[in-house]
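> Mind having a look at this structure? Questions to follow.
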């Protein structure tokens, strides 16, 4: 069985779609302070206000909140360490399918990245 390695793919941003109506499970696990930050980050179109839609990348990637980080998200959902990578892969697949579709170039690039060994 091949070992899958999660990695964010350039010019995707599916996780930057923060529309609370589409992500109720995320809001449920956030603390009141995190929930406030999350809601403040949601733009009128449902996308994060820090997401550059033209270049399709986060403008604050290095300084993004903990809940925007895979490790932080897995921690919020109490996913044990050995299962965090599988959790991240499943979350990305689901969000990419919702935003771009099951046959999208984004999903194909993500699947290809999973098969590519990381250094």
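Only the coordinates and a few stated rules stand behind these numbers; no lab work does. Note that this is a predicted model, so its numbers are computed, not measured. Cβ sites come from the backbone with ideal geometry, for glycine too, and all protein chains shown count toward neighbours.
> Pairing the Cα long axis of helix 105-115 with the longest principal axis of the chain, what angle in degrees results, from 0 to 90 and rounded to the nearest 10?
For helix 105-115, the angle is close to 50 degrees.
> Taking only Cα atoms, what is the 0 to 90° angle, nearest 10, from helix 32-41's long axis to the longest principal axis of the chain?
Between helix and principal axis, roughly 80 degrees.
> State log₁₀ I(q)/I(0) for the chain at q = 0.09, 0.14, 0.18 Å⁻¹ as given by the Debye formula over alpha-carbon point scatterers of equal weight, solvent excluded.
Per q value, in the given order, log10 I(q)/I(0) is -0.24, -0.60, -1.02.
> Compute the angle between helix 84-100 and the longest alpha-carbon principal axis of the chain, please, reported from 0 to 90 degrees and rounded to the nearest 10.
70
> Mind checking the full-extension length gain between residue 45 and residue 115? Use 0.36 nm per residue of separation minus the Cα-Cα distance, one decimal, nm.
Details: separation 70, 0.36 × 70 = 25.20 nm, distance 3.32 nm.
Result for the pair: 21.9 nm of gain on full extension.
> For a test of the definition: using alpha carbon positions, the gyration tensor, and the 1.5 limit on a/c, classify the range 72-119 as rounded, prolate or oblate. Please report the intermediate quantities before stating the final value.
On the way: a/c = 3.38, a/b = 1.42, b/c = 2.38.
It is oblate, given that a/c is not under 1.5 and a/b is not larger than b/c.
> Among 101-107, 77-83, how do they line up from the highest to the lowest mean number of other beta-carbon atoms within 10 Å? Working shown, then result.
Details: 101-107: 13.4, 77-83: 10.3.
Packing order, densest peptide first, comes out as 101-107, 77-83.
> Next up: If r is the Cβ-Cβ distance from residue 78 to residue 55 and R0 is 41 Å, what FRET efficiency results, to the nearest 0.05?
Efficiency at R0 = 41 Å is approximately 0.75.
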